[in-house]
Amino acid sequence: MLDTEVDTDESADPRAAWVVPAAYAWVAGFGLIHVGAIIANGEYAAGIDPGKGDSGLSCVLPNAVVIAICVVAGGVIHRTTNPPQPLVPPWTVAAGSWVGMPLLVVRGALTVVDEAVRLTGVMEYGLFNQKENATSDWAVWSGRAIDAYFVVGSVVMAKALGPWMKKTRRKLGRRNSAV
C-alpha cells in the first residue's frame with residue numbers, strides 16, 4: 001500500500017506561497033471553461049470556427065467528463081498539499097497525480113511544438129491540421145489562448161505536485177530497496 005503522508009513542516013516545503021492557490025485557480029478556471037462550453041452548446045468552441053462545434057449530447061458529455069476530472073484534480077491538489085485525511089484511498093491520489101500531471105505537461109509541451117511549427121511555417125496548420133475547422137480569427141486566437149492556458153497549467157501543476165511526487169517516489173524507492 002502506498003504511503004502518501006505529507007510532512008506538515010512548512011520549512012521542508014519547497015513550494016512558493018503562490019503555487020498551491022494558482023493550482024486551485026487553474027483547475028477551477030479550466031472547469032469553468034468547460035461549463036461555458038456546455039452553455040455555448042457548440043456555438044463558440046475554442047479552436048473551432050463559430051457554429052462548427054459539437055452540440056447537444058456530443059457537447060455536454062465530454063465537457064461534463066472534463067468538469068468531473070477538474071473536481072478530482074482539486075481533490076488531488078488538496079490531498080497532496082495538506083495534512084493527510086483518510087477520505088480517499090492513498091492510491092487514488094497517487095494515480096491522479098502520476099497520470100494527470102504528466103499528461104498535462106505533455107499537452108503543454110505539444111502546444112509549444114505546435115505553435116513553433118505554425119509560426120516557423122514548417123506546418124501551416126499545426127500538428128493537428130486545423131485547416132477546415134480553424135479558419136476564422138476566433139478559432140485561431142481562442143485555440144492559442146487555450147494552448148497558452150495548458151502551458152501555464154503544466155508549469156503550475158508541476159510546481160504544485162512535483163515536491164509531493166518526489167517524496168512519494170523516494171519513499172517507494174526506500175521501500176523497494178528494503179524488500
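The values are calculated or read from the model by the stated rules, or taken from the named source; none is laboratory data. Here the structure is a predicted model, which means the values were calculated and not measured. Note: ideal-geometry Cβ built from the backbone for every residue, glycine included; neighbour counts use all protein chains shown. Heavy atoms of the whole protein, side chains included, go into the accessibility calculation; ligands, DNA and RNA do not. Shrake-Rupley method; radii C 1.70, N 1.55, O 1.52, S 1.80 Å.
Scanning segment 27-44 for residues that are within 11 Å of the chain's Cα centre (by Cα) and surrounded by fewer than 16 Cβ atoms within 10 Å (Cβ to Cβ), which turns out nearest to Leu161 (Cα to Cα)?
Within segment 27-44, the subset within 11 Å of the chain's Cα centre (by Cα) is 27-31.
Now restrict to residues that are surrounded by fewer than 16 Cβ atoms within 10 Å (Cβ to Cβ): 28-29.
Numbers: Ala28: 16, Gly29: 18 Å.
Only one residue fits best here, namely Ala28.
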* So, in segment 77-97, of the ones that are modelled with pLDDT under 85 and buried (at least 17 other Cβ atoms within 10 Å of the Cβ), which residue ends up nearest to Val155 (Cα to Cα)? -> Ser97
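Conditions (1) open to solvent by 70 Å² or more (accessible area, probe 1.4 Å); (2) touching a residue at least 60 places away in the same chain (Cβ under 8 Å); (3) β-branched (Val, Ile, Thr), marked per residue:
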position	(1), (2), (3)
Val99	yes, no, yes
Glu115	no, no, no
Ala139	no, yes, no
Ala145	no, yes, no
